[in-house]
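Visitor: Below are the structure tokens for one structure; questions will follow.
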Amino acid sequence: MDQGVLYFFDRKPEALPLYEAFEEKVLSGMDGVKVKVQKTQIAFSNRHNFAFVSFLPVRKAKERPEVYIVVTFGLGYRARSPRIDAAVEPYPGRWTHHVLLSGTGEVEDELIGWVKEAAAFSAGKR
């Protein structure tokens, strides 16, 4: 495990297994993905960043589970699913989606499909 990742989860170590499940699925399902640990998020990139893991408070405190991570990804359209906690269009034709994960079983095909789409969308940017 990368020291930066361990440091990122230093204050919330119970969330590390969620991240590990997500990272493993992303890295095993896509080629050429780079992971960059930053102060407030972990970025996944090809040519551009396409997905992020953070502790963004996308739900009110009383509605958030004790242990969670938030996966953020960008698409060229608004994906509709009850799993998506928030979606915003910061630029025309670019939608940012936030999905809160509280169990490793939530890292499944639908989420990874969106992340793969986000990687393709990101790679197509100029």
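Visitor: Given 0.36 nm per residue, what is the gain on full extension from Ala87 to Glu66 after removing their alpha carbon distance, in nm? Don't skip to the end; give the middle numbers.
Guide: On the way: separation 21, 0.36 × 21 = 7.56 nm, distance 2.25 nm.
This chain segment gains 5.3 nm when fully extended.
Visitor: If you consider only alpha-carbon coordinates, what radius of gyration and Dmax does segment 40-109 have, in Å?
Guide: Taking only Cα atoms of segment 40-109, I get Rg and Dmax of 12.3, 38 Å.
Visitor: Can I ask one more? Over the residues of segment 1-70, compute the C-alpha Rg and express it relative to 2.2 N^0.38 Å. Each step should come with its number before you reach the end.
Guide: Details: Rg = 12.5 Å, N = 70, 2.2 N^0.38 = 11.1 Å.
Computed over Cα atoms of segment 1-70, the ratio equals 1.13.
Visitor: In terms of Cα to Cα distance under 26 Å, which lysines are near enough to Lys125, apart from those fewer than 8 places away along the same chain?
Guide: Straight-line reach from Lys125, under 26 Å: Lys25, Lys34, Lys36, Lys39, Lys116.
Visitor: Given a 1.4 Å probe, how much area per residue of the chain is accessible, in Å²? Before the final figure, lay out each step's value.
Guide: Details: 7340 Å² over 126 residues.
I get 58 Å² per residue for this part.
Visitor: So which lysines pass the test for Lys60, namely a Cα distance under 20 Å, with those fewer than 8 places away in the same chain ruled out?
Guide: Result set, ordered by chain and number: Lys12.
Visitor: In cubic angstrom, how much convex hull volume per residue do the alpha carbon atoms of the chain span?
Guide: Working: hull volume 13.8 nm³, N = 126.
Given the Cα convex hull of the chain, per-residue volume reads 109 Å³.
Visitor: May I pose another question? To the nearest 500 deg cm²/dmol, what mean residue ellipticity at 222 nm is calculated for the chain from DSSP H runs of n ≥ 4 alone, each contributing -39,500 (n - 2.57), summed and divided by the residues? The partial results should precede the final answer.
Guide: Numbers: 3 runs with 35 residues, N = 126.
Result for the chain, helices only: -8500 deg cm²/dmol.
Visitor: Over the chain, with every protein chain in place, what whole percent of the accessible area is carbon and sulfur at 1.4 Å, could you tell me? Please list the in-between numbers first.
Guide: Values: 3650 of 7340 Å².
Within the chain, the accessible surface is 50 percent carbon and sulfur.
Visitor: A further question on this structure: Looking at the chain, which longest stretch skips every one of the GluC sites (Glu not before Pro) that is in a DSSP loop with at most 13 other Cβ atoms within 10 Å, leaving the sites themselves out?
Guide: Details: sites that count: Glu66, Glu108.
Within the chain, the longest run free of exposed GluC sites (Glu not before Pro) spans 1-65.
Visitor: Please go through segment 19-67 and write out the trypsin sites (Lys or Arg not before Pro) that DSSP classes as loop and that have at most 16 other C-beta atoms within 10 Å. Don't jump to the answer; show the numbers that get you there.
Guide: Numbers: sites: Lys25, Lys34, Lys36, Lys39, Arg47, Arg59, Lys60, Lys62; in loops: Lys39, Arg47, Arg59, Lys60.
In loop regions of segment 19-67 (DSSP not H, G, I, E or B), the sparsely surrounded trypsin sites (Lys or Arg not before Pro) are Lys39, Arg47, Arg59, Lys60.
The values are calculated or read from the model by the stated rules, or taken from the named source; none is laboratory data. Because the structure is predicted, anything quoted here is derived from the model rather than measured. Positions of Cβ are backbone-derived with ideal geometry, glycine not excepted, and every protein chain shown enters the neighbour counts. Surface areas here come from the heavy atoms of the whole protein model, side chains and all, with no ligands, DNA or RNA. Shrake-Rupley method; radii C 1.70, N 1.55, O 1.52, S 1.80 Å.
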